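As structure tokens, the structure follows; a few thoughts come after it.
The values are calculated or read from the model by the stated rules, or taken from the named source; none is laboratory data. Please read all numbers here as calculations on a predicted model, not as lab measurements. Note that each Cβ is placed from the backbone with ideal geometry, even for glycine, and that neighbours are counted across all protein chains shown.
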Amino acid sequence: MCSMATRLQGRAVRRPSLPLTEADEHDLAELKDSPSLLQALSQMLDLDTNLQSATEAAVLHAIFRAGFAHIRDAALEAGYAQLAAEQAEETAARRVLARRRRPTWADEA
């Protein structure tokens with residue numbers, strides 16, 4: 001299980017600025033004021049800590065991790081769908097080829 005304290009776990013290697021629109025500010029305020037949203041974010045990341053006492057940077061980091069996990073899952077899903085489509089094409093091609101072959105017993109008489 002992963003844990004995140006009220007601050008980032010481990011040493012931050014970089015602190016980039018994050019431009020936020022008014023809508024982003026509103027969403028962030030809504031998230032920080034909503035125990036249910038914070039709990040959902042915490043559960044999504046399998047955190048064993050309460051994000052209500054987390055710093056804004058830690059909450060933004062949690063949002064980044066959750067978003068990146070969602071992106072990774074979507075990419076994996078697309079990759080698996082592509083593999084399934086390729087496998088279906090190969091299976092269809094094998095079936096077509098198998099229908100054209102004479103059965104091994106056809107020359108027995």
Tally up the residues in segment 72-109 that are of a type in the set (Lys, Arg) and under 30 Å from Leu45 (Cβ atoms), please. 1
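Every residue, every condition in (1) of a type outside the set (A, V, I, L, M, F, W, C); (2) surrounded by 12 or more Cβ atoms within 10 Å (Cβ to Cβ), yes or no:
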| position | (1), (2) |
| --- | --- |
| Ala12 | no, no |
| Glu22 | yes, no |
| Lys32 | yes, yes |
| Glu56 | yes, no |
| Leu60 | no, yes |
| Ala74 | no, no |
What number of residues within segment 52-109 satisfy the criterion of being in a loop (DSSP other than H, G, I, E, B), of a type in the set (Val, Ile, Thr) and in contact (Cβ under 8 Å) with a residue 24 or more places away in the chain? 1
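For Gly67, are the conditions met, namely being within 19 Å of Arg14 (Cβ to Cβ), surrounded by 10 or more Cβ atoms within 10 Å (Cβ to Cβ) and at pLDDT 95 or above?
Yes, satisfied.
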Ser36: of a type in the set (Gly, Ala, Ser) and surrounded by 10 or more Cβ atoms within 10 Å (Cβ to Cβ), yes or no? no
